[in-house]
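As structure tokens, the structure follows; a few thoughts come after it.
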Amino acid sequence: MLGTITNCCTILAGSVIGATLHKGIKQEYQDTMMNGLGLAALSLGISNFVKAMPNSQYPVLFIFSMAFGGLIGSIIDLDGKFQNLAKKVSTGNLAQGLTTAVLLFCIGTMSILGPIESALNGNNTLLFTNAMLDGVTSMILASNFGIGIAFSAVILFLWQGSIYLLAQFISSFMTDSLMTEISIVGGILIMSSALGILNIKSIKTLNLLPALLVPALYIGITSVLF
């Protein structure tokens, strides 16, 4: 768990630094940093999608995943529940910042494969690399959305910790095919969050989050039936 703990600590440190420097950063500089982060997130999302799409064995699965996952998320109203929770613990637009943070920190190849590699082989290289990236990102987010971004470290710990503990059971299930489909859907979700940061289009990205589960369910069911 050393890699995961390190990853969480860099997010906490970055959040504290970003929130502390917040008052000392002019609004125009904050806007510039957020535009930079938005463009970086958009690029990351596009990169994930473009790299994974040619390797997909199910070219239209991501369309079904986004539609069906979005429907489930809307019925549950994940975004609404998260917004209400965020308003109780902080003022401002923390929900958008946390949504972006969770997506950037949790939905990525390194954040998924890192705990598995750490648990099975004792190799924390992926998680240490991820920690450096997340530390910088959390600092930028916290400088704009406040110290509440630190809460994403708790979510990351639960996410990576669960994968770490389940590594022995899910390692064989995390096939290249599944990771490809998750990367495609994850790329779209990161792009969705980036559009909100750039004030291009406000999308309830959290309601789309169940789309990540659809490829796993589909591949799991088809592998049993066929």
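The values are calculated or read from the model by the stated rules, or taken from the named source; none is laboratory data. What you see is a predicted model, and the numbers here were worked out from it, not measured in a lab. All Cβ positions, even for glycine, are placed from backbone atoms using ideal geometry, and neighbour counts span all protein chains on display. Side chains included, ligands, DNA and RNA excluded: accessible areas come from the protein's heavy atoms. Shrake-Rupley method; radii C 1.70, N 1.55, O 1.52, S 1.80 Å.
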Item checked: Eligible aspartates and glutamates near residue 81 by straight Cα distance, threshold 12 Å, same-chain separation 8 or greater -> none
Note to self: Starting from a Cα-only point model with no solvent, please compute log10 I(q)/I(0) by Debye for the chain at q = 0.11, 0.15, 0.17 1/Å.
What the structure shows: -0.54, -1.02, -1.29
Notebook entry, point to check: Working out 0.36 nm times the residue gap between residue 9 and residue 136, then minus their Cα-Cα distance, what length gain in nm do you get to one decimal?
Noted result: 44.5 nm
Item checked: Per residue accessible area in Å² of the stretch 1-85, where ligands, DNA and RNA are left out and the probe is 1.4 Å -> 59
Note to self: I want to check the label-to-label distance for residue 221 and residue 74. Put each point 7 Å from Cα in the C-beta direction and report it in nm to one decimal.
What the structure shows: 2.0
Note to self: Taking 8 Å as the Cα distance limit and 6 or more residues as the minimum spacing, I'd like the relative contact order of the chain as a percentage.
What the structure shows: 44
Notebook entry, point to check: Taking only the alpha carbons of the stretch 167-226, what extent do you get along each of the three principal axes, in Å, biggest first?
Noted result: 43, 21, 15
Note to self: What are the equivalent ellipsoid semi-axes of the stretch 117-225, built from the alpha-carbon gyration tensor (square roots of five times its eigenvalues), in whole angstrom, biggest first?
What the structure shows: 27, 21, 11
Margin query: Beyond 16 Å, how much of the Cα-Cα pair distribution for the stretch 55-162 remains, as a whole percent?
Written below: 66
Note to self: Could you give each residue of the stretch 212-221 its phi-based ³J(HN,Hα) in whole Hz, using Karplus coefficients 6.51, -1.76, 1.60 with θ = phi - 60°, and x for Gly or Pro?
What the structure shows: 5, 7, 4, x, 5, 5, 5, 5, x, 5
Note to self: If I model a spin label as a point 7 Å beyond the Cα along the Cα-Cβ vector, how far apart are those points for residue 16 and residue 176 in nm?
What the structure shows: 4.3
Next item on the list: Output ³J(HN,Hα) for the stretch 112-125: one whole-Hz value per residue in order, computed from phi by the Karplus curve 6.51 cos²θ - 1.76 cosθ + 1.60 with θ = phi - 60°, and x for Gly and Pro.
Entry: 9, 6, x, x, 5, 5, 5, 6, 8, 10, x, 9, 9, 4
Checklist line | Proximal aspartates and glutamates to residue 204, defined as alpha-carbon separation beneath 19 angstrom and excluding residues fewer than eight positions away on the same chain | finding: 77, 79
Check: What share of all Cα pairs of the stretch 145-202, in percent, falls into each consecutive 5 Å distance bin?
Finding: 4, 15, 12, 19, 23, 14, 9, 5, 0
Next item on the list: Set the Förster radius R0 to 30 Å, insert the Cβ-Cβ distance between residue 51 and residue 158 as r into 1/(1 + (r/R0)^6), and round the FRET efficiency to 0.05.
Entry: 0.65
Check: How much of the accessible area of the chain, in percent, comes from carbon and sulfur atoms when a 1.4 Å probe is used?
Finding: 69
